[in-house]
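The values are calculated or read from the model by the stated rules, or taken from the named source; none is laboratory data. This is a predicted model, so every value here is computed, not measured. As a convention, Cβ positions derive from the backbone with ideal geometry for all residues, glycine included, and neighbour counts pool all protein chains shown.
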Amino acid sequence: MKVSLPVYKDQVLDVEIMDLTYQGMGVAKVDNYPIFIDNTLPSEKITVKVTKTTKNFAFGDVVKILQVSPHRVNPKGRVYRQTGIAPLQHLEYSEQLKFKQHQIAELFAKVHMDDVEVLPTIGMDHPSQYRNKAQVPVRKVQGELTTGFYKKNSHQLMPLEDYYIQDPAIDHAIIVIRDILRKYHEEAYDEFHHSGTIRTIMVRRGYYSHEMMVVLVTRTKRLPMADVVVEEIQAALPEVVSVIQNVNQKRTNVILGPVNNVLAGKSTMNDQLLGLTFAISAQSFYQVNPQQTEKLYQLAIDQAGLTGNETVIDAYSGIGTISLTMAQHAKQVYGVDIVPAAIDNARQNADKNGIKNAEFVLGSAEKVMAQWQEDGIKPDVVVVDPPRKGLDEAFIESAAAMGPKRVVYISCNPSTLVRDVQRFAEHGYHINAPVQPVDQFPQTPHIESVTVLERD
Ligand code: SAH
C-alpha cells in the first residue's frame, strides 16, 4: 500500500521554521512531518520547494524568505554556508551559542533527564580565523589545479582563498602552495577516475609557536618535481618547519593514508598549550581551536578537583595534552590512545616538559582500561575525550568497576554524551554539576562540552 505523505516532491508551499537541527538545517513541520531546509532559521516564514521525500521526513529548498529572522546575519556570503566550512555563519554568534546550549539540554530532556542543567556556552570574542589546521581538497576546476571546499552533500569543489574560520596565515600558505603546484604542473586528483597526484593540502600552524607543517597528500608514491616544489615552499613560507608527503592510494574519503615521507625539516611541529610544549605529528589529533582549548582544559583540570595526590587516567589522550597538564597537579597519570604517532608524541612530550609521572600506552581505550583494571590500578579521576561515537560499553563497565570518585567527560557529540551518561548512571555515577559547553567550532554546528560525573 502506498502511504500518502503530507507533502509531495516539487510541491511549493509556505511554512514556518520551528527549529534547527544539529547539522544546522531549519526544520518546518506539516502535520508533524518534518521538512529540512538549508539556510533557514527558527521563526522565519518561507516559501519552500520540496526536493525529496522519504517515509519520515523531506528536504526542501528555499524559494523565498517571506519573514526574516532578527538573528540572521550575512557577513561573508553564500559560499561559507553552502560548504561544510561555516554552515552556521548566517546565524548571529550569540544565538549560535544559545543554540548549542539548548541542543544539549534538549537531548537530556528527551531521555527524561530534565534536571540536568546546561550552562551558557563559553564563546569566543572574535569567532573567526580560529582554526590552526586546514585540510583543503585539490581538484581540477576549469582546467586548473584549484583549492577550495566542497559544496555540502556534493562532489563540487567551490574555489576559495579566504576560508573565514582558519588562521589567515594558513589561508595565505594554501594560496602560495597552490601556485607552486600550478607552476610545476602537478596534477590535481580526479575522484571520478581515481587519477592525478595531489589529493589534499594539509597545513597546521602553532598558535603560539607560529611553526608550520605542510602535508601534501598524494595518490601516487611518486611526487614529480618534489625537490623544487619543496624548496619553493620553504623559500616562500619561512615558518615551515616540516614538509611531509602522505601517500593515500585508496579510493576513499579518508584524508590521510598510512605512509608519511618527510620531504624537508622535522616529522613534527611544536606548539604550546597552558605553558607546556607539544610535538605534533601529521597523523596525531590536535585540537583545532587553541584559544578555546585552553579554556576547555582549564575547566577539565578545575573540575577534576586535583590536589596533587591523585591517580588520573586520561583515556583518548592523543598527544598527551590533558594528561601532561593534569600531571602537574596529580601524583600519577596514565594515558591511552589508539594512534601510534599520538603515543610517540605523548611520550616525547612528557620528556620535553620534564614530566616524569605520566605513562602512555598504545591501544584501544576499552582494552587497555580492562587491562588496567586487572592490574589493580585505582584511579581517583578518569578523564575521557572520545571521538564522536562516544564510549564503548565495555569501557564504561571497566571505568565504573575501578571506582573513581569522578569522571570528567569531554564530549564533541552531545548525542553520545547523553547515551553514555545514562550508561554511567546504571553503574552509580551521576551528574552533580551543570554541563559546560565550550564553543570550539564557531560558525559550525559542532558542540563541545565538559560534564562531571560523581560516584553516588
Ligand atoms: N584528549 C586529546 C585527544 C582527543 S581526540 C586532545 O584533546 O588533544 C580523541 C582521541 O581518541 C584521538 O587522539 C584518537 O586517536 C583517539 N581514539 C579514537 N578511538 C580510540 C579508541 N578506541 N581507543 C583509544 N583512543 C582512541
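Yes or no, residue by residue, for (1) more than 16 Å from the ligand (Cβ to nearest atom); (2) more than 25 Å from R347 (Cβ to Cβ); (3) buried (at least 21 other Cβ atoms within 10 Å of the Cβ); (4) not assigned by TED's automatic domain parsing to the domain that holds S449:
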{"position": "V243", "(1), (2), (3), (4)": "yes, no, yes, yes"}
{"position": "Q249", "(1), (2), (3), (4)": "yes, yes, no, yes"}
{"position": "V254", "(1), (2), (3), (4)": "no, yes, no, yes"}
{"position": "I280", "(1), (2), (3), (4)": "no, no, yes, yes"}
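Taking the stretch 256-278 only, how many residues are away from the ligand (no atom under 13 Å from the Cβ) and farther than 21 Å from V217 by Cβ?
In the first step, residues of the stretch 256-278 are kept if they are away from the ligand (no atom under 13 Å from the Cβ); the result is 257-270, 272, 275, 277.
Checking which are farther than 21 Å from V217 by Cβ leaves us with 270, 272, 275, 277.
Going through the stretch 256-278 one residue at a time, the tally reaches 4.
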What do you reckon, is E366 more than 14 Å from the ligand (Cβ to nearest atom), modelled with pLDDT of 95 or more, acidic (D, E) and not in a loop (DSSP other than H, G, I, E, B)? no
Selection count where residues are in a helix (DSSP H, G or I) and either within 16 Å of the chain's Cα centre (by Cα) or touching a residue at least 60 places away in the same chain (Cβ under 8 Å) (or both), scope the stretch 280-305: 12
Taking the conditions exactly as written (surrounded by 18 or more Cβ atoms within 10 Å (Cβ to Cβ) and without any contact (Cβ under 8 Å) to a residue 60 or more places away in the chain), does T147 satisfy them or not? yes
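How many residues does the stretch 268-279 contain that are small (G, A, S) and assigned to a strand (DSSP E or B)? Steps first, answer last, please.
Just the residues of the stretch 268-279 that are small (G, A, S), to begin with: 275, 279.
Okay, now just the ones that are also assigned to a strand (DSSP E or B), so 279.
Counting residues in the stretch 268-279 that are small (G, A, S) and assigned to a strand (DSSP E or B) gives 1.
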Boolean, R199 is in the same structural domain as Q234 (by TED's automatic domain parsing), out of contact with any helix residue (DSSP H, G or I) (no Cβ under 7 Å at 6 or more places or on another chain) and surrounded by fewer than 19 Cβ atoms within 10 Å (Cβ to Cβ): no
Within the stretch 321-338, take every residue that is surrounded by fewer than 18 Cβ atoms within 10 Å (Cβ to Cβ) and not basic (K, R) and give me the one that is nearest to the ligand (Cβ to nearest atom). I338
With respect to H430, is the statement that it is free of Cβ contacts under 8 Å to residues at least 60 places away in the same chain, in a loop (DSSP other than H, G, I, E, B) and either within 20 Å of Q291 (Cα to Cα) or in the same structural domain as V333 (by TED's automatic domain parsing) (or both) true? no
Can you tell me which residue is surrounded by the fewest Cβ atoms within 10 Å (Cβ to Cβ) among those in the stretch 339-363 that are part of a strand (DSSP E or B) and more than 12 Å from the ligand (Cβ to nearest atom)? E359
Here are the criteria: (1) crowded, with 21+ Cβ neighbours inside 10 Å; (2) over 25 Å from the mean Cα position of the chain (by Cα); (3) not charged (D, E, K, R). Tell me which single one T220 does not satisfy. (1)
Does V418 satisfy being within 22 Å of the chain's Cα centre (by Cα), crowded, with 20+ Cβ neighbours inside 10 Å, assigned to a strand (DSSP E or B) and among the hydrophobic types (A, V, I, L, M, F, W, C)? no
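Return the only residue of G308, G318, G376 being part of a loop (DSSP other than H, G, I, E, B) and within 14 Å of the ligand (Cβ to nearest atom).
Working: G308 fails: within 14 Å of the ligand (Cβ to nearest atom); G376 fails: within 14 Å of the ligand (Cβ to nearest atom).
After ruling out the rest, the residue left standing is G318.
Name every residue in the stretch 3-32 that is within 30 Å of P442 (Cα to Cα) and in contact with a Ser or Thr (Cβ under 9 Å, 6 or more places away or on another chain), in order of residue number.
At the first step, the residues of the stretch 3-32 found to be within 30 Å of P442 (Cα to Cα) are 15-29.
Scanning the stretch 3-32 gives V15, E16, I17, M18, L20, Y22, G24, M25, G26, V27, A28.
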In the stretch 172-184, is there at least one residue being surrounded by fewer than 13 Cβ atoms within 10 Å (Cβ to Cβ) and either under 22 Å from the mean Cα position of the chain (by Cα) or within 20 Å of Y207 (Cβ to Cβ) (or both)? no
